[in-house]
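The values are calculated or read from the model by the stated rules, or taken from the named source; none is laboratory data. Quick caveat, the model's predicted, so the values are computed rather than measured. Here the Cβ positions follow ideal geometry from the backbone for every residue, glycine too, while neighbour counts run over all protein chains shown.
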Amino acid sequence: MQMSIVVLIISIVLFFVLFFGIGFILNMLLRMSWIMAVIYPFVAIFIIDKVSFIEYFTNSKAAFLDLGHRLGSLATADVLILSSGLAGAIAAGLTIKFLRKNGYQMF
């Protein structure tokens, strides 16, 4: 299925803002600057993969092979959208670090 450039741009901005916001809130509440950047790869795997979480433990080989196949078959637009989510999570960590360095204490 083809994705128009407008949908791609909106999706990139949406993922960046979404994961920036979630990361910012988690960083404020848990006081760990990089929590969302660490959690994001697992979130991306759950977005990409169609295998249930429990299958990674019960049928590991098939689950990881399916994950590798799905990662290899991602379209460029999908990679850009997922990368913008990671960029948002990293930007949230950098923003929290910057704010704490300049004296702002959140919770």
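Things to note:
- Condition broken by Gly103, with the remaining ones in (1) out of contact with any helix residue (DSSP H, G or I) (no Cβ under 9 Å at 6 or more places or on another chain); (2) part of a helix (DSSP H, G or I) satisfied: (2)
- Selected residue (criterion: modelled with the lowest pLDDT) from residues of segment 31-45 that are under 20 Å from Val17 (Cβ atoms) and more than 10 Å from the chain's Cα centre (by Cα): Ser33
- Any hit, segment 57-69, residues being out of contact with any Lys or Arg (no Cβ under 7 Å at 6 or more places or on another chain) and either on the phi > 0 side of the Ramachandran plot or in a loop (DSSP other than H, G, I, E, B) (or both): yes
- Here is the figure for segment 4-17: residues that are in contact (Cβ under 8 Å) with a residue 24 or more places away in the chain, farther than 23 Å from Leu71 by Cβ and of a type outside the set (A, V, I, L, M, F, W, C) total 0.
- For Ser60, the conditions (1) more than 22 Å from Ala37 (Cα to Cα); (2) surrounded by 15 or more Cβ atoms within 10 Å (Cβ to Cβ) all hold with the exception of (2).
- Among (1) over 18 Å from the mean Cα position of the chain (by Cα); (2) at negative phi - the single one Gly103 does not satisfy: (2)
- Contact map, segment 18-44: residues that are within 28 Å of Ile54 (Cβ to Cβ) and surrounded by 13 or more Cβ atoms within 10 Å (Cβ to Cβ) paired with residues that are of a type in the set (Val, Ile, Thr) and modelled with pLDDT under 90, Cβ distance under 8 Å, separation 6+ or inter-chain. Pairs shown: Gly23/Ile35; Leu26/Ile35.
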